[in-house]
Amino acid sequence: MEFPAEWIVPEWAAPPSVRAVFTCRAGGVSVAPFDSFNLGDHVRDEPAAVARNRDLLAQALGQRPVFLQQVHGTAVALLDAHTPNGAVADACLVSGPGVACTVMVADCLPVLFAHTSGTVVAAAHAGWRGLAGTGADGVGLGVLETTMAALVAAVQQHDPAVTPASVAQQTLAWLGPCIGPDAFEVGAEVRDAFVAQQPAAHCAFAAIGRGKFLASLPALARQRLAAMGLTQVSGNDGTAAWCTVAQTSRFFSHRRDAARLGSTGRMAACIGLV
């Protein structure tokens with residue numbers, strides 16, 4: 001089964017063994033306000049509709065997507081063919097076929113990783129809390145850092161001679177749609193959490209008065225990835241086409257729809273090996 005035309009396939013130089021996609025609203029069976037390809041089973045959508053949408057996703061992927069219990073943290077789940085749904089984690093990694101790393105979003109930033117060897121892939125769910133993390137070493141130990149650490153360890157199982165720096169140089173990262181920098185209003189505590197770890201992070205915030213700022217999750221993620229030595233980063237560049245809030249017909253958005261409609265659906269970023 002091919003992906004619906006509305007879904008987003010990363011444009012990157014991943015090996016042929018890597019299969020990745022970002023789902024959009026189209027292609028499913030859910031009715032409003034979850035129309036139509038809602039994958040979240042915790043948002044008051046009909047369970048049968050969610051189950052059917054998840055089946056359609058598995059058919060399109062040609063393998064089983066593993067759904068996490070995401071908590072805006074930094075834990076990474078290591079998947080295999082027997083991993084059930086529901087692991088408490090905000091990132092996942094796989095080094096064999098059969099299952100797809102899957103993170104659900106409706107404003108947070110999904111980040112997909114693929115090592116150029118074609119042997120390891122990963123996915124991370126990066127809201128601002130997970131992205132900032134709890135580190136105090138000048139870089140921060142957020143979800144992107146923990147995901148890369150797991151990816152390095154997995155690559156080293158195949159080749160013990162590689163270093164973290166060489167793995168980073170040979171790792172592709174793709175940023176999917178998220179709330180854009182014109183829509184993501186935050187308080188000073190969010191800005192301070194990033195600037196305390198990376199002073200250059202101030203460039204990702206625009207003051208709008210009253211102690212409020214507009215923040216760019218893609219810019220913050222790109223800074224974190226660059227600090228780890230990743231240079232092959234593509235996808236979301238912070239423009240309106242990638243904004244989940246602005247693109248009403250294409251993307252679900254919690255910030256846009258939860259108060260107005262009572263809830264909203266969830267999209268997924270998936271990556272696996274074939």
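Name the residues in the range 15-39 that are in contact with a strand residue (DSSP E or B) (Cβ under 6 Å, 6 or more places away or on another chain) and in a loop (DSSP other than H, G, I, E, B), would you?
Correct list: SER17, THR23, LEU39.
Taking GLY180 as meeting all but one of (1) closer than 24 Å to ALA77 by Cβ; (2) touching a strand residue (DSSP E or B) at 6+ places or on another chain (Cβ under 9 Å); (3) of a type outside the set (Lys, Arg), write down the number of the exception.
Condition (1) is where GLY180 drops out.
Please enumerate the residues belonging to the range 4-49 that are of a type in the set (A, V, I, L, M), over 20 Å from the mean Cα position of the chain (by Cα) and farther than 29 Å from LEU172 by Cβ.
Scanning the range 4-49 gives VAL29, VAL31, ALA32, ALA48, ALA49.
Against the conditions (1) buried (at least 19 other Cβ atoms within 10 Å of the Cβ); (2) in contact with a strand residue (DSSP E or B) (Cβ under 7 Å, 6 or more places away or on another chain); (3) free of Cβ contacts under 8 Å to residues at least 60 places away in the same chain; (4) closer than 20 Å to CYS108 by Cα, where does GLY187 fall short? Just the number, please.
Here GLY187 clears every test but (1).
Please find, within the range 220-255, the residue that is farthest from GLY27 (Cα to Cα) out of those that are among the β-branched types (Val, Ile, Thr) and buried (at least 19 other Cβ atoms within 10 Å of the Cβ). Break it down into steps so the answer makes sense when it comes.
First, pick out the residues of the range 220-255 that are among the β-branched types (Val, Ile, Thr): 231, 233, 239, 244-245, 248.
Checking the rest, the ones that are also buried (at least 19 other Cβ atoms within 10 Å of the Cβ) come to 233, 244-245.
Details: VAL233: 28, THR244: 17, VAL245: 20 Å.
Step by step, filter the range 220-255, then rank; the result is VAL233.
For the range 230-266, how many residues meet the condition of being modelled with pLDDT under 95 and within 14 Å of the chain's Cα centre (by Cα)?
Of the residues in that region, 0 qualify.
Out of (1) surrounded by 13 or more Cβ atoms within 10 Å (Cβ to Cβ); (2) of a type outside the set (A, V, I, L, M, F, W, C); (3) closer than 23 Å to GLY133 by Cα, the odd one out for GLY211 is which?
Failing condition for GLY211: (1).
Is it true that some residue in the range 114-132 is hydrophobic (A, V, I, L, M, F, W, C), surrounded by fewer than 17 Cβ atoms within 10 Å (Cβ to Cβ) and at pLDDT 95 or above?
First, pick out the residues of the range 114-132 that are hydrophobic (A, V, I, L, M, F, W, C): 114, 120-124, 126, 128, 131-132.
The next check asks that each one be surrounded by fewer than 17 Cβ atoms within 10 Å (Cβ to Cβ); those that pass are none.
So far as the range 114-132 goes, no, none of its residues is hydrophobic (A, V, I, L, M, F, W, C), surrounded by fewer than 17 Cβ atoms within 10 Å (Cβ to Cβ) and at pLDDT 95 or above.
Can you name the number of the only condition in (1) surrounded by fewer than 21 Cβ atoms within 10 Å (Cβ to Cβ); (2) touching a residue at least 24 places away in the same chain (Cβ under 8 Å); (3) over 19 Å from TRP7 (Cβ atoms) that THR171 fails?
(1)
Has the range 139-158 got any residue that is within 22 Å of the chain's Cα centre (by Cα), of a type outside the set (Gly, Ala, Ser) and not in a helix (DSSP H, G or I)?
yes
Enumerate the pairs (first residue in the range 88-99 and among the polar types (S, T, N, Q); second residue anywhere and not in a loop (DSSP other than H, G, I, E, B)) with beta-carbon separation below 6 Å, excluding pairs fewer than 6 apart on the same chain, so at least 6 apart or on different chains.
What qualifies is SER95/ALA154.
The values are calculated or read from the model by the stated rules, or taken from the named source; none is laboratory data. Not measured: the values here are computed from a predicted model. Backbone-built Cβ (ideal geometry, glycine too); neighbour counts: all protein chains shown.
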